Amino acid sequence: MSYVSLITQTYTCAANAKNAAAMKAYMRDQFAFLGIKTPERRQLNKTLITQHGLPDIHDVPGLIKSLWELPEREYQYAAIDFLQQMHKTWTPDNLPLIEYMITHKSWWDTVDSTVSCVAAPWLRKFSSQQPAVTNKWIASNHMWLQRAAIIFQNGYKQHTNEKLLYRYIKTQLHSKEFFIQKAIGWALREYSKTNPESVRTFVNSTALAPLSKREALRRIE
């Protein structure tokens, strides 16, 4: 049995119609759901890995894309979960797959999870690729890639490339997109936990959107 079949069989058995309706409503009816909440999904994944091991690294692109094509949103979450679990086998060749995950069936839930669980640690593992990759993302016309470029350092703390963060934010000051303005505020708020004075100075000297400014200063005002 293929790994996709193992996942779909396991998840189908765990479906909960009541939960599914609530989860679909929370996501503004954009996606179908099986009704499997995050703690249960992770436990199901853990059991699958215990019983069958992790997928073969050579099968991962096909596995991820097969899960991404399924209608229920939990399968996209599963794709992120399993790719994260396989971090020891990541290679530079994973980049097209990561970009696929960011740019297909895109909404904040999968984009932010892909960035925090996969893209951000991948960019730290292959740090020599970081500027070229994220420069490409911020220069793209794709909102979700631009959001990824702004927020990928959210967990980097003292390892944050401040100049890069501020430069990316400045390129998007004109944006009217809610998810870009929110990303700017979120990234600055996260960095303010490490360097509050730098963030305060940047905010006070930069023409941020009100939403971005409010989010940025939430922890330091």
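Counting only the Cα atoms, region 122-221 fills a convex hull of 84 Å³ per residue. To put it simply, the accessible area of region 80-221 at a 1.4 Å probe is 51 percent carbon and sulfur. Enumerate the amide H contacts of Asn16 below 5 Å, restricted to partners 5 or more residues apart or on another chain; note that Pro and chain-start residues carry no placed amide H. For Asn16, whose amide H was placed from the backbone, the distant partners under 5 Å are Gly35, Ile36.
Accessible area per residue was computed with a 1.4 Å probe on protein heavy atoms; Lys213 scores about 90 Å². The residues of region 41-110 present an accessible area of 48 Å² per residue when probed at 1.4 Å with all protein chains retained. Calculated [222 nm] ellipticity per residue, helices only, for the chain: -19000 deg cm²/dmol; basis is -39500 (n - 2.57) per DSSP H run with n ≥ 4, divided by all residues, nearest 500.
Relative contact order for the chain: what is it in percent, counting Cα pairs under 8 Å that are at least 6 residues apart? List each step's numbers first, then the result.
Values: 228 pairs, mean separation 26.2, N = 221.
Reported as a whole number, the value is 12 percent.
Against the main long axis of the alpha-carbon atoms of the chain, helix 17-26 sits at an angle near 20°.
Here the average projected area of the convex hull drawn through the C-alpha atoms of region 1-79 stands at 5.0 nm².
Using only alpha carbon pairs under 8 Å that are at least six residues apart, calculate the relative contact order of region 1-105 and give it in whole percent.
25
If I take R0 = 22 Å and measure r between the Cβ atoms of Tyr156 and Tyr26 in this structure, what FRET efficiency does the formula 1/(1 + (r/R0)^6) give, to the nearest 0.05? Step by step, r from the Cβ atoms, then E = 0.15. In this structure region 143-204 gives 46 Å² per residue of accessible area when probed at 1.4 Å with all protein chains present.
Cβ-Cβ distance of Gln43 and Thr201, R₀ of 41 Å, FRET efficiency by 1/(1 + (r/R0)^6): the value works out to about 0.35. If you build a Gaussian network model of the chain, linking Cα atoms that sit under 10 Å apart, which residue out of Ala120, Ala17, Ala183 swings the most? Evaluated over the chain, the most mobile residue of the options is Ala17.
The chymotrypsin sites (Phe, Trp or Tyr not before Pro) of region 106-190 that meet both conditions, a loop assignment by DSSP and at most 15 other Cβ atoms within 10 Å of the site Cβ, are Trp107, Phe126. With unit charges on the beta carbons (Lys and Arg positive, Asp and Glu negative) and the dipole taken about the Cα centre of region 106-221, which residue among Val203, Val118, Gly185 sits farthest to the positive side? Working it through, the farthest residue towards the positive pole turns out to be Val203.
The values are calculated or read from the model by the stated rules, or taken from the named source; none is laboratory data. All values reported here derive from a predicted model rather than from experimental measurement. In this analysis, Cβ positions are derived from the backbone assuming ideal geometry, glycine residues included, and neighbour counts consider all displayed protein chains. Remember, those area values only see protein heavy atoms, side chains included, never the ligands or the DNA or RNA. Shrake-Rupley method; radii C 1.70, N 1.55, O 1.52, S 1.80 Å.
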